[in-house]
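*Asks:* Just passing along the structure, written as structure tokens.
The values are calculated or read from the model by the stated rules, or taken from the named source; none is laboratory data. Remember, predicted model here, so these are calculated numbers, not experimental data. All Cβ positions, glycine included, derive from the backbone under ideal geometry; neighbour counts span all protein chains shown. We work out accessible area using only protein heavy atoms, side chains counted, and drop any ligands, DNA or RNA first. Shrake-Rupley method; radii C 1.70, N 1.55, O 1.52, S 1.80 Å.
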Amino acid sequence: MRPIILTCFAAAFYILLPAGIPAPMTRPAKALLNWSSLRHNYQIAKSRCAGGQAWAVIKANGYGHGLLGCARALSSADGFAVACMDEAVILREAGIQRPLLVLQGAYDSQEWQLASELGIELMLHHPQQWLDRQVATLVAPVAVWLKVNSGMNRLGLRPQQALALYQQVSNDPLVQPRLFASHFAEAEEVGSRSFASQLECMNQEWPLPLSLCNSAAILRADKPVDAISRPGIMLYGSSPLAGVSAVDLGLKPVMQLVSSIIAVHEVGAGEAVGYGGDWIARRDSRIGVVAMGYGDGYPRSMPAGAPVAVAGQICPLIGRVSMDMITVDLTDCPQADIGSAVELWGEQIAIDQLASLCGTISYELFCQVTARVPRITRDLPSDNNGQV
Ligand SMILES: *Cc1c(COP(=O)(O)O)cnc(C)c1O
């Protein structure tokens, strides 16, 4: 009887919890964020820009780290770039006053109006956006960056088309052309022909300053040409360059994805562990269960053997990743027990190493950390109370 009563009591407590009181945050799966590392990495990007500006790319919820947390931590960044107007509006409504660029520009005429009301700069990458501007009522000038397709063939106008549009934009007193921008398809590939040919395409006289470089291009440029560069992934402490580690580049991890051991048990040689039973103990083994799964963003594609740091020691992942749990082999880690601290990535395990093990890139692992995982500030910026 008693457990049932207790359960009912707990359920009632949850339901009656008044709005405004934070929900309990006792699940050990958490993303700890170190904002001083973010600032350190920003300084590295900035120092590579040869006097040019560096606008921090914080699209997709700050690459999963939290849009507002990143913007507040980088309160002295030259500017911020986000993917869409919705993200820019969140920043303005939260009182972020820094220059803001929307990388995909306006989706319709209303977004042009919003941009002019909120002082947000727009990428102008397609003639349709210029048609939308013609039916928008602007209350103040909007700065635009003309996006040139230099060979990636995703967004942008061919150079001649961009120059022609520039002429038209220049005649509009409420639109201020600011820069020509372009984006690289393979900046991270050393010796890439496409990178060289995109650079070549942009190597001509432009009537405005340029913005070309993402993180990989910033880290590779020997003669920076950008008036404004656009660093993203390097800010979060991941290396964009194949074969060069974040440590080599002096970058520090911002996110540490942690949890703890919630169960420990023994299996005999020959017993299978987890869904599908495809991991079979070769010896009598001690198994730890970690509160972390693909429901938190730990990828289901992570192969057995991937490193998991338990109580400071690297242990192999075993069995399949489930929604809320993973299992690790603790046989050689006798000090580990229920409650032991676990790091999935961050300080002991490099995100780049983990990403390549499951056939993806750090960008995706960061963005996949789900809303269930609380983002906790480890190093408090002055205007933040720990919750991001
Ligand atoms: C995302 C993005 C960036 C940042 O790229 P990183 O590889 O994360 O440095 C820069 N420019 C544009 C247009 C982008 O979409």
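*Asks:* Name the residue, out of Leu131, Leu68, Leu165, Leu100, that is over 28 Å from the mean Cα position of the chain (by Cα) and either free of Cβ contacts under 8 Å to residues at least 24 places away in the same chain or under 19 Å from Cys367 (Cα atoms) (or both).
*Replies:* Leu131 is the lone residue from the list that is over 28 Å from the mean Cα position of the chain (by Cα) and either free of Cβ contacts under 8 Å to residues at least 24 places away in the same chain or under 19 Å from Cys367 (Cα atoms) (or both).
*Asks:* For the range 175-195, enumerate the residues that are open to solvent by 60 Å² or more (accessible area, probe 1.4 Å), free of Cβ contacts under 8 Å to residues at least 40 places away in the same chain and over 20 Å from Leu165 (Cα atoms).
*Replies:* Across the range 175-195, the qualifying residues are Glu186, Gly191, Arg193.
*Asks:* In the range 223-234, how many residues are at pLDDT 95 or above, more than 8 Å from the ligand (Cβ to nearest atom) and not β-branched (Val, Ile, Thr)?
*Replies:* Of the residues in that region, 3 qualify.
*Asks:* Out of everything in the range 311-356 that is hydroxyl-bearing (Ser, Thr, Tyr) and free of Cβ contacts under 8 Å to residues at least 60 places away in the same chain, what residue ends up being farthest from Ser37 (Cα to Cα)?
*Replies:* Thr331
*Asks:* Another question, then. Within the range 252-337, which strands (runs of 3 or more DSSP E) (wholly inside it) include 1 or more residues that are farther than 21 Å from Gly64 by Cβ and open to solvent by 60 Å² or more (accessible area, probe 1.4 Å)?
*Replies:* Once the strands (runs of 3 or more DSSP E) in the range 252-337 are filtered for at least 1 residues that are farther than 21 Å from Gly64 by Cβ and open to solvent by 60 Å² or more (accessible area, probe 1.4 Å), what remains is 255-267, 313-318.
*Asks:* Could you tell me whether Ser170 is surrounded by 15 or more Cβ atoms within 10 Å (Cβ to Cβ) and of a type in the set (Ser, Thr, Tyr)?
*Replies:* Considered against the rule, which asks whether it is surrounded by 15 or more Cβ atoms within 10 Å (Cβ to Cβ) and of a type in the set (Ser, Thr, Tyr), Ser170 comes out as no.
*Asks:* Being touching a helix residue (DSSP H, G or I) at 6+ places or on another chain (Cβ under 8 Å) and within 15 Å of the ligand (Cβ to nearest atom) is the requirement here; does Ser211 meet it?
*Replies:* no
*Asks:* So, of the residues in the range 88-119 that are part of a helix (DSSP H, G or I) and within 19 Å of Pro231 (Cα to Cα), which turns out to be nearest to the ligand (Cβ to nearest atom)?
*Replies:* Ala88
*Asks:* Scan the range 69-87 for residues that are assigned to a helix (DSSP H, G or I) and away from the ligand (no atom under 13 Å from the Cβ) and report the count.
*Replies:* Qualifying residue count, the range 69-87: 6.
*Asks:* Among the residues that make up the range 172-190, is at least one of them out of contact with any Pro (no Cβ under 8 Å at 6 or more places or on another chain), polar (S, T, N, Q) and under 17 Å from Ser239 (Cβ atoms)?
*Replies:* no
*Asks:* Now a separate question. Can you tell me how many residues in the range 351-363 are more than 8 Å from the chain's Cα centre (by Cα), within 22 Å of Cys70 (Cβ to Cβ) and open to solvent by 10 Å² or more (accessible area, probe 1.4 Å)?
*Replies:* 4
*Asks:* In the range 36-45, which residues are buried (at least 19 other Cβ atoms within 10 Å of the Cβ) and either aromatic (Phe, Trp, Tyr) or away from the ligand (no atom under 13 Å from the Cβ) (or both)?
*Replies:* Those that are buried (at least 19 other Cβ atoms within 10 Å of the Cβ) and either aromatic (Phe, Trp, Tyr) or away from the ligand (no atom under 13 Å from the Cβ) (or both): Ser37, Leu38, Arg39, Tyr42.
Here is a yes/no grid of residues against (1) open to solvent by 30 Å² or more (accessible area, probe 1.4 Å); (2) at pLDDT below 95:
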{"position": "Gln97", "(1), (2)": "yes, no"}
{"position": "Gly119", "(1), (2)": "yes, no"}
{"position": "Trp130", "(1), (2)": "no, no"}
{"position": "Arg133", "(1), (2)": "no, no"}
{"position": "Asn153", "(1), (2)": "yes, yes"}
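*Asks:* Same structure again: Restrict the check to the range 52-68 and report whether at least one residue is modelled with pLDDT of 95 or more, part of a helix (DSSP H, G or I), at negative phi and open to solvent by less than 60 Å² (accessible area, probe 1.4 Å).
*Replies:* Within the range 52-68, one or more residues are modelled with pLDDT of 95 or more, part of a helix (DSSP H, G or I), at negative phi and open to solvent by less than 60 Å² (accessible area, probe 1.4 Å).
*Asks:* Follow-up question, since we're still on this one. Examine the range 211-226 for a residue that is touching a Lys or Arg at 6+ places or on another chain (Cβ under 9 Å), open to solvent by 20 Å² or more (accessible area, probe 1.4 Å) and of a type in the set (A, V, I, L, M), and state whether such a residue exists.
*Replies:* Yes.
*Asks:* Evaluate the following for Leu241: is it within 14 Å of the ligand (Cβ to nearest atom) and buried (at least 21 other Cβ atoms within 10 Å of the Cβ)?
*Replies:* no
*Asks:* Identify, by number, the condition in (1) of a type in the set (A, V, I, L, M); (2) within 16 Å of the ligand (Cβ to nearest atom); (3) part of a helix (DSSP H, G or I) that Leu122 doesn't meet.
*Replies:* Among (1) of a type in the set (A, V, I, L, M); (2) within 16 Å of the ligand (Cβ to nearest atom); (3) part of a helix (DSSP H, G or I), the lone unmet condition for Leu122 is (3).
*Asks:* Can you find a residue in the range 176-196 that is in a loop (DSSP other than H, G, I, E, B), among the aliphatic types (A, V, I, L, M) and either closer than 30 Å to Gly105 by Cβ or within 13 Å of the ligand (Cβ to nearest atom) (or both)?
*Replies:* Within the range 176-196, one or more residues are in a loop (DSSP other than H, G, I, E, B), among the aliphatic types (A, V, I, L, M) and either closer than 30 Å to Gly105 by Cβ or within 13 Å of the ligand (Cβ to nearest atom) (or both).
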